[in-house]
Structure formats: C-alpha cells, structure tokens
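Since the structure comes first, as structure tokens, the remarks are kept for the end.
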Amino acid sequence: MRPSTAIAYAARMGTTFNAGDLTIHRIIEQEIPFFDPLTFFPALTPEVLAKNAGWMEQAGALVDGKLVLCIQSYVVRTPHHVVMVDTCVGNDKDRLSRPFWHQQNTTAYMDGLAAHGLRVEDIDYVMCTHLHVDHVGWNTRLLDGRWVPTFPNARYLFSQKEFDYWAAENAKEEIGPIADSVLPIVNAGRADFVASDHVLGDHIRLTPTPGHSPDHFAVLLGRGRDEAVLTGDLIHSPLQARFPEMGMRADYDPKQGSESRRKFLECHCDTGTLVCTGHFPSPSVGTVSRWGDGFRFTPAG
C-alpha cells in the first residue's frame, strides 16, 4: 500500500469526530504497513499471531504480514483553545536509522491541516505525550538552515520529567529528534514544563501513563466527564488491547507499560468514552469493551 493510497483511504474513513462541545481532527502524515509484528512485539509468538491474524487483517491492522500503523496528530478544538497533540515525524529531518522517515519531504501534514481550515498560526498549544521521533517532528521546521517552531503562536507543553531524561541522554550523545525538534523549542522560549497530571482549562487534563517512555501521558478531554481520551503510545495496535501485557520493542519499562495499559483499558472499558489512538489503522478512533481477559477495540462509525 503506497503512502498516498493509505492517506486517501484514511480520509474516507473519517478524520473529524465530535465529543461533547469538542471537535477532534486527525492530521495524518503517513499510514502504511511498517513492521514485522514478531519483531515489533518481542513476546508475540507465531502461534498467537496465527490465531489472531484473521481479525487483525479484517480490521486493517495487518497487511501482507506487517503491522499497519497510522502516523498522525490530533487537533482538539475546545470553546477556548486549539490544541495540537503530538506532531508526527516532520520534514527535512535526518533519520538514518529509519529510512522511511529520513529526510522526508511531503505535503501530507500541511494538507491535512488545511483540509480542516487550520493554519499553523491557529494552534494555541502543542502537547507531546512523550518525546519519541514520531511524536515531536513537526514541532519545528527548517528555515534558512535553522530549526524554528512550526506553530509560531503556540506554547509547547512537555513533561518536565520526560524532558529531563531525554536532555540528559542527548548530552551524552546527540539524539536527532531531541536536537532538532525539542531543544530548538526550549531555546526559542516557547516551552512550558509541566507534570503529567497537568490541567489546561476546563476541557483538557493530562493523566500519567508511564512505561513506554519515562513520563508518558495520555490526554483526557471533556468538561465534567471523560468524553474522549488521546492515548499517545500507551498502545500501538488492537492486538495490545486483546493482550494488554504485550509490550512493544521500544518500551522504556515494559512491565510498567503493561500495567499502565491495562489500568487505562479497565478505566475506559464499556464507558462509551471515545478512545483516540495514536497509531491504530484508520479510523483510529473508537470504544473499548471486554474480550475475555483482554479488551476489544471497536472503531467509530
């Protein structure tokens, strides 16, 4: 599946959802089959994969034996603010270890914003659930050889604990996404450092979901109740809903990640809360229900 084909398919599946008095837009950068599931999920066995391949293929989560992931941001319009959550990979970034993202040059992201009547100047806040490569990239853009904030009017909210960890690691040896997509925001004076239970206005609340990274957070949306929640990388595939203890290869603390994932799924199971996943195949948004010892993700629409 070519990236352009995948993005066109995703658009047909819906990129705008309503939750109470909020509007949620998906901004899709890329959606293709990426990884061998047995590599991506170290604890996954060929036998378990074979037993679950049928429903995963039907859900669009497995194509030609590879996991389909959607690389996307969410833009949340509240009555008071326009908030961007996670910023994908970005253009012009050196990502030698990931050839499919190295020196990317695509209009898909900006086209996605424009399709929803949004300009970069319209974003009031940028939140990064964590500071991995595919969640910080569009924080910055290349202008006259310098990395500058892509969203010039926005305050960028980073977890203090998450930032401190990655800044220390970057000081030992440069980490591309930190050097070109996070530190330039700090140097430009656009960063606000918060705890992972920070509250923004009366519609947005962060909730700690550590494990995939040192201080990963999810984002709860709604006034007075959880109308929707943005998962970030708490969960990558519907297979992890079925088997919450199944960690992925880049987890900072797999045990803690599994505990956070099960707690999150238990919390939102059978509640009707709109669960907006970071990487599930389109439409990426749906609800969670019980499925034996695990959970079933049912796409919206």
Practice task
Answer yes or no as to whether S73 is modelled with pLDDT under 95 and of a type in the set (G, A, S).
Solution key: no
Exercise for the section: Give the residue that is farthest from H102 (Cα to Cα), with candidates limited to residues of region 174-197 that are aliphatic (A, V, I, L, M), in a loop (DSSP other than H, G, I, E, B) and touching a helix residue (DSSP H, G or I) at 6+ places or on another chain (Cβ under 8 Å). Expected result: A195
Completion exercise
Filtering region 153-173 for residues that are buried (at least 20 other Cβ atoms within 10 Å of the Cβ) and either in a helix (DSSP H, G or I) or of a type in the set (A, V, I, L, M) (or both) leaves a count of 5
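Condition check ((1) acidic (D, E); (2) at pLDDT 95 or above; (3) surrounded by 19 or more Cβ atoms within 10 Å (Cβ to Cβ); (4) on the phi < 0 side of the Ramachandran plot) across all residues:
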position	(1), (2), (3), (4)
L113	no, yes, yes, yes
L118	no, yes, no, yes
E121	yes, yes, no, yes
Y125	no, yes, yes, yes
L131	no, yes, yes, yes
D134	yes, yes, yes, yes
G137	no, yes, yes, yes
L142	no, yes, no, yes
F151	no, yes, yes, yes
Problem - Single match in I28, I71, I24 (criterion: assigned to a strand (DSSP E or B) and either in contact with a Gly (Cβ under 8 Å, 6 or more places away or on another chain) or free of Cβ contacts under 8 Å to residues at least 40 places away in the same chain (or both)) - result: I28
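Condition check ((1) on the phi < 0 side of the Ramachandran plot; (2) β-branched (V, I, T)) across all residues:
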| residue | (1), (2) |
| --- | --- |
| K255 | yes, no |
| S260 | yes, no |
| E266 | yes, no |
| G278 | yes, no |
| P281 | yes, no |
| V288 | yes, yes |
| G301 | no, no |
Practice task
Have a look at R261, R242 and point out the one that is among the basic types (K, R) and surrounded by fewer than 24 Cβ atoms within 10 Å (Cβ to Cβ).
Solution key: R242
Problem - Subset of region 89-111 that is assigned to a loop (DSSP other than H, G, I, E, B) and in contact (Cβ under 8 Å) with a residue 60 or more places away in the chain - its residue that is surrounded by the most Cβ atoms within 10 Å (Cβ to Cβ) - result: G90
Completion exercise
Taking region 175-209 and the residues there that are closer than 13 Å to K93 by Cβ and either among the hydroxyl-bearing types (S, T, Y) or touching a residue at least 60 places away in the same chain (Cβ under 8 Å) (or both), the one that is surrounded by the most Cβ atoms within 10 Å (Cβ to Cβ) would be S181
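Yes/no matrix, rows are residues, columns are (1) part of a loop (DSSP other than H, G, I, E, B); (2) of a type outside the set (K, R):
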{"position": "L206", "(1), (2)": "no, yes"}
{"position": "S213", "(1), (2)": "yes, yes"}
{"position": "R223", "(1), (2)": "yes, no"}
{"position": "Q240", "(1), (2)": "no, yes"}
{"position": "E245", "(1), (2)": "yes, yes"}
{"position": "G257", "(1), (2)": "no, yes"}
{"position": "K263", "(1), (2)": "no, no"}
{"position": "H279", "(1), (2)": "yes, yes"}
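The values are calculated or read from the model by the stated rules, or taken from the named source; none is laboratory data. The structure displayed is predicted, hence computed values, not measured ones. As a convention, Cβ positions derive from the backbone with ideal geometry for all residues, glycine included, and neighbour counts pool all protein chains shown.
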